[in-house]
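What follows is a short report on a single structure.
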Amino acid sequence: MTKILDGKALALTLRSKVKEEVATLRDAGHRAPHLAAILVGEDGASMTYVNSKEKDCEYVGFESSVYRLGADTTEEALLSHIASINNNKNIDGLIVQLPVPKHIDATKITESIHPDIDVDGFHTLNVGKLTIDEDTYISATPFGVIMMLEEYGIETRGKHCVVIGRSNIVGRPMSILMSQGGRDATVTICHRHTHDVGAFTRIADIVIVAVGIPEFLKPDMVKEGATVIDVGITRVDADNKRGYLLKGDVEYDTVKEKCSAITPVPGGVGPMTRYGLLHNTLKSYKNKFNL
Ligand code: GUN
């Protein structure tokens, strides 16, 4: 029987715990944690993500400020916006939703966010801390995946984990986390220049796919009994009310028959990512007040 790793249900439980913790803090007279998000432009998926983040904050009792800036916002204007948030002692977390328009240098933007409120964990200082296993903000998606593996009791020690994709947001931090002490997996990273991805995934106990190619992972690429984590979520044109369907990086119906545990899309990694951001914002807030 394949175990379905239900990120939606798990995230709901974890979010409820954050909500309770915030209520307790408020009862003790503390202010609410505060997340700020900046969205530049009108990318459909990004707008959806930012709306969800705003809703999540409301649910757990965080304050949130969303700055929706026009696609023609200059890099300079964005940097000055970030600087003013960095200096606002009442804001605990700041994210700039990626991607930003092409005329803005994304690296310059992530580097301009103060590391203490970089709840995305994208600043080089926080990435550096992650690589040497120091306490830091773990980016929301890798954090969500780790939580999911832990909560579902998926053994990682000594297992061979293949991560497909080497992005700064998911693949690379994921590979570092899986090899760290405590998880102790043997990790292989595959990417666009890997000659035969299947040769690696077929000998993997855990496959984590984050390539953004719908149904990339086929059943003949998976070992019987493996755990499959699908990070992908791509909008594919469809003849329905919304005009699109959400597809993961895994050919779900067929791969499910072969593996011992799998995440669905939607309802798998996505909700856990949303939880990750709440977790990091609360962590920043608690650090600030030594709570
Ligand atoms: N775009 C896609 N994923 C993310 C994320 O986790 N954080 C930000 N800021 N932008 C993203």
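Any read-out appearing in this document is the output of simple, stated calculations on the displayed coordinates, not a laboratory observation. Owing to the predicted nature of the structure, the values given are computational and were not obtained by experimental measurement. Virtual Cβ from ideal backbone geometry, glycine too; neighbours counted across all protein chains shown.
Applying a threshold of 29 Å to the alpha-carbon distances of K129/K247; K129/K159; K102/K288; K53/K102; K129/K286; K55/K288 flags K129/K247; K102/K288 as lying beyond it.
Model label sites at S80 and H195, defined 7 Å from Cα along the beta-carbon direction, differ in position by 5.5 nm.
Evaluate E = 1/(1 + (r/R0)^6) for H30 and D184, where r is the Cβ-Cβ distance and R0 equals 41 Å; express this FRET efficiency to the nearest 0.05. Computed FRET efficiency for H30 and D184: 0.65. Put a plus charge on the Cβ of each Lys and Arg, a minus charge on the Cβ of each Asp and Glu, and nothing anywhere else: the dipole of the stretch 66-140 about its Cα centre is then about 240 debye. For the stretch 59-101, the C-alpha radius of gyration divided by 2.2 N^0.38 Å, with N the number of residues, is 1.28.
Distances between placed amide hydrogens fall under 5 Å for H191 paired with G165, all partners being 5 or more residues away or on another chain.
Summing Cβ point charges (Lys, Arg +1; Asp, Glu -1) relative to the Cα centre of the chain gives a dipole of roughly 300 debye. Would you mind classifying the stretch 28-114 by shape? Square roots of the alpha carbon gyration tensor eigenvalues, ordered a ≥ b ≥ c; an a/c under 1.5 is rounded, otherwise it is prolate if a/b is larger than b/c and oblate if not. Cα axes put the stretch 28-114 in the oblate bin. Provide the FRET efficiency to the nearest 0.05 for the R68-D253 pair, computing r from the beta carbons and using R0 = 51 Å. Once the sixth-power term is evaluated, E becomes 0.85. The packing ranking, built from the mean of other Cβ atoms within 10 Å per residue, places the peptides 115-122, 26-33 in the order 115-122, 26-33, highest first. Whole-Hz Karplus values for the stretch 29-45 come out as x, 7, 6, 7, x, 9, 10, 10, 10, 10, 10, 10, x, 10, 4, x, 5 Hz, taken residue by residue from phi with 6.51 cos²θ - 1.76 cosθ + 1.60 and θ = phi - 60°; glycine and proline positions read x. Rounded to the nearest 10 degrees, the inclination of helix 269-288 to the longest alpha-carbon principal axis of the chain is 40 degrees. In terms of packing, defined here as the mean over residues of other Cβ atoms within 10 angstrom, the peptides 128-140, 198-210 line up highest first as 198-210, 128-140.
Ignoring solvent entirely, what values of log10 I(q)/I(0) come out of the Debye formula for the chain at 0.08, 0.11 Å⁻¹ when each Cα is a single scatterer? Log10 I(q)/I(0), no solvent term: -0.35, -0.66.
Put simply, when 244-255, 267-278, 96-107 are sorted by average Cβ atoms within 10 angstrom per residue, most first, you get 267-278, 244-255, 96-107. A simple spin-label model places the labels of K19 and R157 3.6 nm from each other, with each point 7 Å out along Cα-to-Cβ. Comparing I113, G158, S139 along the charge dipole axis of the stretch 45-181, the residue lying farthest to the positive side is G158, per the Cβ-charge model.
Summarising the strand pairing of the chain, around 10 percent of its internal DSSP beta bridges are antiparallel. Cβ crowding within 10 Å, taken as a proxy for footprinting-reagent exposure, orders R183, R192, R172 from fewest neighbours to most as R192, R183, R172.
Database remark: amide H of V66 closer than 5 angstrom to the amide H of A37 (H placed geometrically; neighbours at sequence offset of 5 or more, or on other chains; Pro and chain starts carry no H). Per-residue ellipticity at 222 nm from helix content only, as computed over the chain with -39500 (n - 2.57) for each DSSP H run of at least four residues, stands at -12500 deg cm²/dmol. Of the residues A9, H34, N51, the one whose Cα sits farthest towards the positive end of the charge dipole of the stretch 1-54 is A9 (charges of +1 on Lys and Arg Cβ, -1 on Asp and Glu Cβ, taken about the Cα centre).
Simple rule: put +1 on each Lys or Arg Cβ and -1 on each Asp or Glu Cβ in the stretch 177-291, find the dipole, and look at H193, A261, L278; the Cα lying farthest toward the positive end is L278.
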